[in-house]
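*Asks:* This structure is in structure tokens; I'll ask about it shortly.
Throughout, read-outs are computed from the coordinates displayed, never taken from laboratory work. Remember, predicted model here, so these are calculated numbers, not experimental data. Every residue, glycine among them, receives a Cβ derived from its backbone with ideal geometry; neighbour counts consider all protein chains shown.
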Amino acid sequence: MTASGTALYLDGVSVTFDGFKAINELSLVLRPGEMRAIIGPNGAGKTTMMDIITGKTRPDRGQVIFDGEVDLTRLDETDIARLGIGRKFQKPTVFETHSVEDNILLALAGKRGVFATLGARLSGDEARRVDRILRLIRLDGRRKEIAGALSHGQKQWLEIGMLLAQNPKVLLVDEPAAGMTDAETMETADLLKEIAGEHTVVVVEHDMEFVRALGVKVTVLHEGSVLAEGSIDHVSADQRVIDVYLGR
Ligand SMILES: Nc1ncnc2c1ncn2[C@@H]1O[C@H](COP(=O)(O)OP(=O)(O)OP(=O)(O)O)[C@@H](O)[C@H]1O
């Protein structure tokens with residue numbers, strides 16, 4: 001297998017912290033537009049894997065290739081973000097005192113700068129993009145309200161919308177369903193399914209109902225390596241996965 005034609009390609013990646021192998025010969029390949037769910041027990045290396053992809057942590061060895069050809073291990077976090085790898089952390093960070101719509105506009109701003117953006121006239125294309133994002137994140141009807149008034153789940157959606165405004169090729173999403181109501185959780189699965197295809201999506205999650213609702217290939221990490229990979233039914237039936245994770 002080569003990196004050619006892949007969105008993300010990790011091969012033989014290892015990283016050691018103070019003699020402890022947090023990531024151990026990890027290999028992971030995503031096709032463009034694919035969505036992948038990553039599960040595994042606490043300490044399995046899920047966060048460290050995302051830190052490696054985004055350039056926060058440098059691996060000791062192994063290949064990390066983006067878009068079939070870009071060696072991410074040579075780039076820093078800013079370069080990697082600029083290339084089109086967006087990350088959503090667990091806790092939502094939106095501009096609470098700004099409107100929902102302005103949050104999207106601020107994220108869209110990019111090079112134009114924040115002050116030039118609010119109150120500036122949008123081009124037809126930009127306005128259509130904002131509308132599309134607001135509909136996608138289920139906040140079209142609340143666009144004029146301040147973000148601080150949204151529920152926790154809606155803030156998570158808004159932050160996903162802010163990432164989308166930057167049009168990343170790859171989106172890394174850390175435990176989006178944590179703290180959400182059951183209805184919000186299922187809505188989030190639908191939302192991410194709508195995003196995949198146009199974007200490559202990696203979702204780290206502990207909520208198995210949510211992972212099932214995503215209906216995508218699942219990678220189970222354990223002690224820094226891939227323990228199992230396949231459909232949710234396939235990995236759920238794997239005795240090793242039950243022993244280290246699901247059965248606990
Ligand atoms: N900067 C660091 N220095 C030392 N050890 C670290 C560092 N970052 C992570 N680790 C260790 O590496 C291992 C993998 O941690 P990581 O956070 O990637 O796991 P995780 O799968 O994301 O777990 P969780 O589900 O709890 O978020 C853990 O044992 C952790 O303590």
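*Asks:* Within segment 176-217, which residues are touching a Ser or Thr at 6+ places or on another chain (Cβ under 8 Å) and buried (at least 18 other Cβ atoms within 10 Å of the Cβ)?
*Replies:* Answer for segment 176-217, where residues must be touching a Ser or Thr at 6+ places or on another chain (Cβ under 8 Å) and buried (at least 18 other Cβ atoms within 10 Å of the Cβ): Pro176, Ala177, Met180, Glu184, Val204, Asp207, Phe210, Ala213.
*Asks:* Only residues that are among the basic types (Lys, Arg) and either under 17 Å from Val29 (Cβ atoms) or touching a strand residue (DSSP E or B) at 6+ places or on another chain (Cβ under 6 Å) (or both): list them for segment 41-60, please.
*Replies:* If the condition is that a residue be among the basic types (Lys, Arg) and either under 17 Å from Val29 (Cβ atoms) or touching a strand residue (DSSP E or B) at 6+ places or on another chain (Cβ under 6 Å) (or both), then Lys46 is the only one that fits.
*Asks:* Being more than 19 Å from the chain's Cα centre (by Cα), away from the ligand (no atom under 13 Å from the Cβ) and acidic (Asp, Glu) narrows it down to one of Glu69, Glu77, so name that one.
*Replies:* Glu69 is the lone residue from the list that is more than 19 Å from the chain's Cα centre (by Cα), away from the ligand (no atom under 13 Å from the Cβ) and acidic (Asp, Glu).
*Asks:* Here's a follow-up. Could you look through segment 35-66, keep only residues that are assigned to a loop (DSSP other than H, G, I, E, B) and crowded, with 21+ Cβ neighbours inside 10 Å, and pick out the one that is farthest from the ligand (Cβ to nearest atom)?
*Replies:* Among residues in segment 35-66 that are assigned to a loop (DSSP other than H, G, I, E, B) and crowded, with 21+ Cβ neighbours inside 10 Å, the one farthest from the ligand (Cβ to nearest atom) is Pro59.
*Asks:* Now a separate question. Would you tally the residues in segment 1-34 being free of Cβ contacts under 8 Å to residues at least 12 places away in the same chain and within 14 Å of the ligand (Cβ to nearest atom)?
*Replies:* If we filter segment 1-34 for residues that are free of Cβ contacts under 8 Å to residues at least 12 places away in the same chain, which is where we start, we get 2, 17-20.
Filter once more, so that each one left must be within 14 Å of the ligand (Cβ to nearest atom): 17-20.
Number satisfying all stated conditions: 4.
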